[in-house]
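S.K.: So that we are looking at the same thing, I have put the structure below in structure tokens.
Derivation of every value follows stated rules applied to the coordinates shown; laboratory data play no part. Worth saying up front: this structure is predicted, and the values here are computed from it rather than measured. Using ideal geometry, Cβ is built from the backbone for each residue, glycine included, and neighbour counts are taken over all protein chains shown.
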Amino acid sequence: ARSSKVLKLVSEQLVRMPAGIHRPVKRIDWENLRNLWSVSPAIVEEPVDQHYFIQRRGESVNPHLEEKRDQVLEIARKKLTSITKAVPAIEPNKLLLDQEVAKQFQHQPDIDENDPEIQKPPPSDNDTDKYTLKSEAVTCQPKKHIVFLKTHKTASSTILNILYRYGDSHNLTFALPLNMHSQLFYPTFFAAHFVEGVRTRSVKEFHILCNHMRFSSQEVRKLMPKDTFYFSILRNPVEMMESLFVYYKAIPAFRVVKSLDEFLIQGGRSYNTSVPNNHYARNILTFDFGLDNTAPVNDTDLDRRSAEVITAVERDFPLILISEYFDESLVLLKHALCWSLDDISSFRLNSRSERSRRPLSAETAERVKQWNSLDWRLYQHFNATFWKRIDSTLGRTKLQREVELLRAKRVKLEQMCLQGGGAVDPAQVKDSSLKPFQYGAAVIQGYNLRPGLNNDTFRLCQRLITPELQYTSGLYTKQFPQLAAARVAAAKKIAASRNSAMHRAVKRNIETSVHIAVTNNTNTAIADEHSLHVLANSVVHSERQDSFEVHSVTKHHTNKEITGNSDKNSTQERAINSNVHKEPQESASLR
Ligand SMILES: Nc1ncnc2c1ncn2[C@@H]1O[C@H](COP(=O)(O)OS(=O)(=O)O)[C@@H](OP(=O)(O)O)[C@H]1O
């Protein structure tokens with residue numbers, strides 16, 4: 001019965017797929033047909049996000065939690081969809097913001113955006129300095145084709161929010177992860193077909209690619225137009241590793257040690273490069289840029305390899321921001337993209353509360369630099385060139401004036417939008433749909449909006465504080481409404497049937513429902529149709545897994561809790577979500 005179902009599914013898919021994506025089925029695929037879940041070549045090729053394997057085998061799902069989270073996500077999705085739909089092409093809040101800031105600065109000299117020195121920075125005298133505003137000086141058209149390499153624990157979620165808000169309000173198209181994932185199948189090297197709408201050719205032009213990925217220049221260039229602007233962000237590896245250690249406490253390298261100190265003093269004994277997820281533990285910046293992050297064997301090797309890393313990053317990224325100089329970075333970004341101060345105004349997102357920070361000693365800091373020697377060299381280089389760029393473009397005085405304007409605007413926005421004027425711990429976030437995802441031993445802060453905001457202000461403020469996962473989900477729903485609806489429906493059915501005797505039957509039925517949905521809806525793009533098959537097959541596939549979160553489209557709606565087996569004081573008293581990186585959950589359930 002299985003074999004005939006498999007053959008039926010394969011033939012149906014081949015018939016339904018657009019001609020352009022028909023491919024010969026490899027021998028290996030046919031061999032794999034013995035396993036129902038590998039029935040779709042698309043599934044076979046879709047890599048697995050290894051984060052899922054952090055989860056321990058055999059741990060049971062808490063159905064109550066999942067049900068609750070589904071409800072929360074559903075509310076968030078509805079809200080975000082209404083936000084994204086309601087936004088007109090030109091941001092109405094700009095005027096509001098400009099008036100607010102203008103009021104505050106009416107007695108101060110304004111930055112003249114037409115100042116020739118800002119518009120026409122002197123050309124760089126440094127040959128290796130690729131950052132030049134020369135082309136913008138002539139035309140200064142706002143850039144709309146953008147790649148942001150979202151590195152880990154570098155303030156990248158705050159940058160992402162800036163890009164999301166800009167793209168959302170200008171109706172740009174995001175290159176979003178396939179199947180409503182939150183990342184581009186990190187840590188697998190990026191491939192163009194990881195993006196929704198590529199394989200199915202339903203999207204003609206992508207504007208912004210910005211979700212977590214392991215960079216591959218060749219694959220990204222397949223997707224993005226020639227005039228795309230590339231940038232990324234680095235953070236001092238010392239603070240970055242402290243943050244990573246707390247956040248990724250459950251990875252194999254970290255879970256067996258009590259502290260970062262212990263990990264480093266032991267010379268990273270628990271770090272085994274062949275074990276999934278351990279890439280977070282060493283030279284992760286180098287890794288994210290798609291380069292070899294293995295430790296150099298000696299100083300000569302370090303010199304050679306770090307030079308190669310720097311050259312590769314300089315070749316692909318004309319602008320590298322520095323997290324420690326976040327506001328200065330934003331001003332540089334503003335000029336590079338020819339955007340406005342409003343466009344880059346932002347609140348700090350994905351920030352840990354003080355109680356989940358672990359101050360490092362000077363010795364530990366030195367050990368971190370040695371352990372992450374490639375990242376440390378990379379950071380040192382771009383930290384130095386960052387200031388050279390400022391000197392050779394804006395100059396420090398102008399930069400400082402713009403930084404002050406930006407900070408003043410942020411203060412104004414905080415007063416206007418935020419209850420209490422700042423971030424709060426997740427348990428205090430009142431609107432559960434705006435709670436940031438909690439992971440590892442980190443306590444990630446969120447925000448509450450001031451009550452009584454008028455519509456425009458509410459919309460502006462809400463977008464400023466919307467966490468990454470919820471915003472990604474909202475944009476996916478805006479770009480692929482039918483796929484999103486099908487996914488939500490499928491996830492709901494699975495969640496509802498999880499503990500019932502009907503569980504297996506319902507999952508099988510989803511396959512049929514998806515076919516019916518496709519057949520009945522004449523507006524469904526071929527693209528969506530193919531993706532719906534992928535969805536259906538994911539569900540079938542999930543049937544064969546002990547924990548079907550592993551590959552399933554329901555990953556946004558699932559959760560398992562594990563308790564860290566080390567760092568007992570801080571982690572055992574509260575469950576650590578270690579199932580899927582950045583999957584939303586009811587954070588209150590963690591405490
Ligand atoms: N504006 C600004 N300035 C400086 N630092 C900032 C800013 N925004 C976020 N952050 C800090 O960045 C850390 C989170 O980084 P990411 O968002 O890249 O993390 S993630 O990889 O996406 O999970 C996280 O660091 P830790 O708090 O040390 O963990 C944030 O506090």
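S.K.: Using Cβ counts within 10 Å as a stand-in for footprinting exposure, how do ILE320, ILE310, ILE146 rank, fewest first?
M.R.: Values: ILE320 26, ILE310 18, ILE146 23.
Ascending number of Cβ neighbours within 10 Å: ILE310, ILE146, ILE320.
S.K.: Considering only DSSP beta bridges with both partners in region 144-289, what is the antiparallel share in %, to the nearest 5? Let's see the in-between values first.
M.R.: Working: 1 of 9 bridges.
Antiparallel: roughly 10 percent of the beta bridges in region 144-289.
S.K.: Next question. Rounded if a/c is under 1.5, else prolate if a/b is larger than b/c, else oblate: which is region 344-460, with a ≥ b ≥ c the root eigenvalues of its Cα gyration tensor?
M.R.: oblate
S.K.: Right, something else. Treat the count of other C-beta atoms within 10 Å as a stand-in for reagent exposure and order VAL411, VAL488 from fewest to most.
M.R.: Numbers: VAL411 13, VAL488 22.
Ordered by Cβ neighbours within 10 Å, fewest first: VAL411, VAL488.
S.K.: What percent do you get for the relative contact order of region 176-227 when only Cα pairs under 8 Å and 6+ apart count? Intermediate values should be presented prior to the final figure.
M.R.: Details: 63 pairs, mean separation 21.4, N = 52.
RCO, region 176-227: 41 percent.
S.K.: Give me the net charge of SER346's neighbourhood, meaning all other residues with Cβ under 12 Å from the Cβ of SER346; Lys, Arg count +1, Asp, Glu -1.
M.R.: On the way: positive: ARG165, LYS334, ARG348, ARG407, LYS409, ARG410, ARG463; negative: ASP327, ASP342, ASP343, GLU414.
With Lys, Arg at +1 and Asp, Glu at -1, the net is +3.
S.K.: Moving on. Using the crude model of +1 on Lys and Arg Cβ and -1 on Asp and Glu Cβ, and no other charge, please compute the dipole size for region 373-473 relative to its Cα centre, in debye to 20.
M.R.: Numbers: 15 positive and 9 negative charges, 77 e Å.
Charge dipole of region 373-473: 360 debye, to the nearest 20.
S.K.: Would you mind counting up the charge near TYR164? Only other residues with Cβ under 12 Å from its Cβ, with Lys and Arg at +1 and Asp and Glu at -1.
M.R.: Values: positive: LYS150, ARG165, ARG463, LYS478; negative: ASP168, ASP343, GLU468.
Overall, the nearby charge balance is +1.
S.K.: Give the distance, in whole Å, between the Cα centre of region 221-296 and the Cα centre of region 316-394.
M.R.: Going from one Cα centre to the other spans 16 Å.
S.K.: Here's a follow-up. Skipping prolines and chain starts, which residues have an amide H placed within reach, meaning under 5 Å, of the one on LEU449, given they are 5 or more residues away or on another chain?
M.R.: GLN419
S.K.: I've got another one for you. At a threshold of 8 angstrom on Cα-Cα distance, excluding pairs fewer than six apart, so keeping six or more, what relative contact order does region 205-358 reach in percent?
M.R.: On the way: 114 pairs, mean separation 43.7, N = 154.
Value for region 205-358: 28 percent.
S.K.: A follow-up question, please. What list of ³J(HN,Hα) values in whole Hz, one per residue of region 389-399 in order, does the Karplus curve 6.51 cos²θ - 1.76 cosθ + 1.60 (θ = phi - 60°) give from phi, with Gly and Pro shown as x?
M.R.: 5, 4, 4, 8, 10, 6, x, 5, 5, 5, 4
S.K.: Let me ask something additional. Looking at the square roots a ≥ b ≥ c of the eigenvalues of the Cα gyration tensor of region 339-408, which shape do they give, rounded for a/c under 1.5, prolate if a/b is larger than b/c, or oblate? Don't skip to the answer; put the middle values down first.
M.R.: Values: a/c = 2.81, a/b = 1.41, b/c = 1.99.
Taking the square roots of the gyration eigenvalues as a ≥ b ≥ c, region 339-408 is oblate.
S.K.: Just name one of VAL443, ALA486, GLN470: the one whose Cα is farthest towards the positive end of the charge dipole of region 440-503 (beta-carbon charges, Lys/Arg +1, Asp/Glu -1).
M.R.: Of the options given, the answer is ALA486.
S.K.: Can you work out the Karplus-derived ³J(HN,Hα) for every residue in region 246-257? Use 6.51 cos²θ - 1.76 cosθ + 1.60 with θ = phi - 60°, whole Hz, and x for glycine or proline.
M.R.: Listing the rounded values in order: 5, 6, 9, 4, 8, 6, x, 5, 9, 5, 8, 10 Hz.
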